[in-house]
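The values are calculated or read from the model by the stated rules, or taken from the named source; none is laboratory data. These numbers come from a predicted model, not from an experiment. Methodologically, a virtual Cβ is constructed for each residue, glycine included, from the backbone with ideal geometry; neighbour enumeration extends over all protein chains shown.
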Amino acid sequence: MEERKSLYKQAAENGIPLGLYMSTISLMTIYADIVPFFSVIAIVLLFAGPVVIYRFQRKYFIEQGGMAEYAALWMLGIMMVIFGAIITGAVTYCVIEFVRPNYLYDQAQATLDAYNALPEMRAKLGDMLDIMQAMVEQNALPSAIELVFNMFWFVTFSGSVLSAITAAFASRRL
């Protein structure tokens, strides 16, 4: 009789390709200002994310002979997303910190330039733009690590909710 793989071991193994998948989304987003088509690819990959999570959960359900409960599949999804978010965070941090150290400044400046070019937007968002301009001038933008930790918590929370939904579909009987 073959031994069943631990849920957490399976989540860690699935977290590697999921982390690479999410890292691709992150990199496409970071470089979308240089290659605009990357934003289209990032959006397509983002919307395909639930399918990726579902497929990992469904595969685990089938490997368990249809005996995996909804809660186990949900936990599998949560843990996969956490492991994947750790990989994505490391990749994103390295790119923003070492490869494109001016990325956050460039994005803030591009936003300011775009809104300042439109007088009607300048009138509506005047205070916000002034605050943003002061942040740029005072070098008070978030650091790469702050951005990565915010991204990690957002991805973990949204992945948990998403995994709850996909687990419901993945746990349907064969």
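Considering (1) touching a Lys or Arg at 6+ places or on another chain (Cβ under 6 Å); (2) farther than 30 Å from Ile62 by Cα, say which one Ala170 fails and leave the rest.
Result: Ala170 fails condition (2) only.
Going through the stretch 34-75 one residue at a time, which ones are within 18 Å of the chain's Cα centre (by Cα), within 30 Å of Gln107 (Cα to Cα) and either free of Cβ contacts under 8 Å to residues at least 24 places away in the same chain or not in a helix (DSSP H, G or I) (or both)?
Of everything in the stretch 34-75, those that are within 18 Å of the chain's Cα centre (by Cα), within 30 Å of Gln107 (Cα to Cα) and either free of Cβ contacts under 8 Å to residues at least 24 places away in the same chain or not in a helix (DSSP H, G or I) (or both) turn out to be Phe38, Ser39, Val40, Ile41, Ala42, Ile43, Val44, Leu46, Phe47, Ala48.
Exactly one condition in (1) at pLDDT 95 or above; (2) buried (at least 19 other Cβ atoms within 10 Å of the Cβ) is false for Arg55; which is it?
(2)
Filter the stretch 99-115 for residues that are within 26 Å of the chain's Cα centre (by Cα) and loosely packed, with under 11 Cβ neighbours inside 10 Å; which is nearest to Ile30 (Cα to Cα)? Before you say what the answer is, go through the steps one by one.
Here is the first cut: in the stretch 99-115, the ones within 26 Å of the chain's Cα centre (by Cα) are 99-112, 114.
Narrowing the set further to residues that are loosely packed, with under 11 Cβ neighbours inside 10 Å leaves 102, 114.
Values: Asn102: 11, Ala114: 18 Å.
Taking the candidates together, the pick is Asn102.
Restricting attention to the stretch 69-91, which residues are over 17 Å from Pro17 (Cβ atoms) and among the β-branched types (Val, Ile, Thr)?
Residues of the stretch 69-91 over 17 Å from Pro17 (Cβ atoms): 69-75.
Once the filter is applied, which keeps residues that are over 17 Å from Pro17 (Cβ atoms) and among the β-branched types (Val, Ile, Thr), the stretch 69-91 yields nothing.
Starting from the stretch 116-129, take each residue that is surrounded by 10 or more Cβ atoms within 10 Å (Cβ to Cβ) and list its partners that are in a helix (DSSP H, G or I) and among the polar types (S, T, N, Q), counting only C-beta distances under 6 angstrom and pairs at least six apart or across chains.
So the pair list comes out as Arg122/Asn116.
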